[in-house]
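Okay, structure first, notes after.
The values are calculated or read from the model by the stated rules, or taken from the named source; none is laboratory data. Keep in mind the model is a prediction, meaning the values are calculated, not measured. All Cβ positions, glycine included, derive from the backbone under ideal geometry; neighbour counts span all protein chains shown.
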C-alpha cells in the first residue's frame, strides 16, 4: 500500500439548511416545503440553499429563510449538527451546517417560486414526508433538543429584530 497512489474526494460546504418550528395553539409544528423547481422536484424539505459569494453561513441561512418563507425567525440556533451528501455533479461530499429557527405562531408563509406548497406538521408527519434519512433523523433530534428542552445558550445566534 505504501507505493500505491490514492486519489481523494473533495469535501466542501457550500449549502446551509434550517429546520423551522413554531409553538402553535395546536402544539409545536414544523414547517416543511414542497419543491416545484427542477432540482428535487416534488420532494418535501426544510429550508435549504447555497451560500452566496461573500456570505457567512448565518447570513446565508437568514437570507434563505426570508426568501423561501417571507419571514424572519424570532430565534435562531446552530443545531450543532451537519448533514452531508455526495454531490455527483461536483464529485464532492457536501457538509451542510444545520440551523434551527423558531417562527412566531402568527407568521404567515409567503412561498418562493421554488416551492409549490407548505405544511405545518408534527415530527412524525415530517418524517413521513421527508425522502432522506438525515432529514428524518435531524427533525427528530431537533424536536428533542430545541423544542422539548431549553437549548444551550452557546448555540443561540444573535439576530436583529426582523432578521
> Only one of these conditions is not met by residue 115: (1) over 18 Å from residue 27 (Cβ atoms); (2) surrounded by 16 or more Cβ atoms within 10 Å (Cβ to Cβ); (3) modelled with pLDDT of 95 or more. Which number is it?
Replying inline: (3)
>> When you check residue 111 against the structure, is it assigned to a strand (DSSP E or B) and either in contact with a strand residue (DSSP E or B) (Cβ under 7 Å, 6 or more places away or on another chain) or over 14 Å from residue 138 (Cβ atoms) (or both), yes or no?
In response: no
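Residues checked against (1) touching a helix residue (DSSP H, G or I) at 6+ places or on another chain (Cβ under 9 Å); (2) in contact (Cβ under 8 Å) with a residue 24 or more places away in the chain; (3) on the phi > 0 side of the Ramachandran plot:
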residue: 89; (1), (2), (3): no, no, no
residue: 99; (1), (2), (3): yes, yes, no
residue: 105; (1), (2), (3): no, yes, no
residue: 111; (1), (2), (3): yes, yes, no
residue: 120; (1), (2), (3): no, yes, no
residue: 134; (1), (2), (3): no, yes, no
residue: 139; (1), (2), (3): yes, yes, no
residue: 150; (1), (2), (3): no, no, no
residue: 158; (1), (2), (3): no, no, no
> Scanning the range 149-163 for residues that are out of contact with any strand residue (DSSP E or B) (no Cβ under 6 Å at 6 or more places or on another chain) and surrounded by 10 or more Cβ atoms within 10 Å (Cβ to Cβ), which turns out modelled with the lowest pLDDT?
Replying inline: 163
>> Among the residues of the range 7-42, what is the count of those that are out of contact with any helix residue (DSSP H, G or I) (no Cβ under 9 Å at 6 or more places or on another chain), closer than 22 Å to residue 95 by Cβ and surrounded by 13 or more Cβ atoms within 10 Å (Cβ to Cβ)?
In response: 3
> Taking the range 82-95 on its own, how many of its residues are buried (at least 16 other Cβ atoms within 10 Å of the Cβ) and over 11 Å from the mean Cα position of the chain (by Cα)?
Replying inline: 2
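Hey, could you check the range 118-135 for residues that are outside any strand (DSSP E or B) and surrounded by 15 or more Cβ atoms within 10 Å (Cβ to Cβ) and say which is nearest to the chain's Cα centre (by Cα)? If you could, list the steps in order and put the result at the bottom.
Taking the range 118-135 and keeping what is outside any strand (DSSP E or B), we get 122-129, 131-135.
Cutting the leftovers down to surrounded by 15 or more Cβ atoms within 10 Å (Cβ to Cβ) gives us 122-123, 125-127, 129, 134-135.
Details: 122: 16, 123: 14, 125: 17, 126: 13, 127: 14, 129: 15, 134: 11, 135: 9 Å.
Top of the filtered list is 135.
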>> Looking at the range 45-59, can you tell me whether even one residue there is touching a helix residue (DSSP H, G or I) at 6+ places or on another chain (Cβ under 6 Å) and in contact (Cβ under 8 Å) with a residue 40 or more places away in the chain?
In response: yes
> For the range 1-108, which strands (runs of 3 or more DSSP E) that fit wholly inside it have 2 or more residues that are more than 20 Å from residue 146 (Cβ to Cβ)?
Replying inline: 27-35, 47-50, 75-87, 92-103
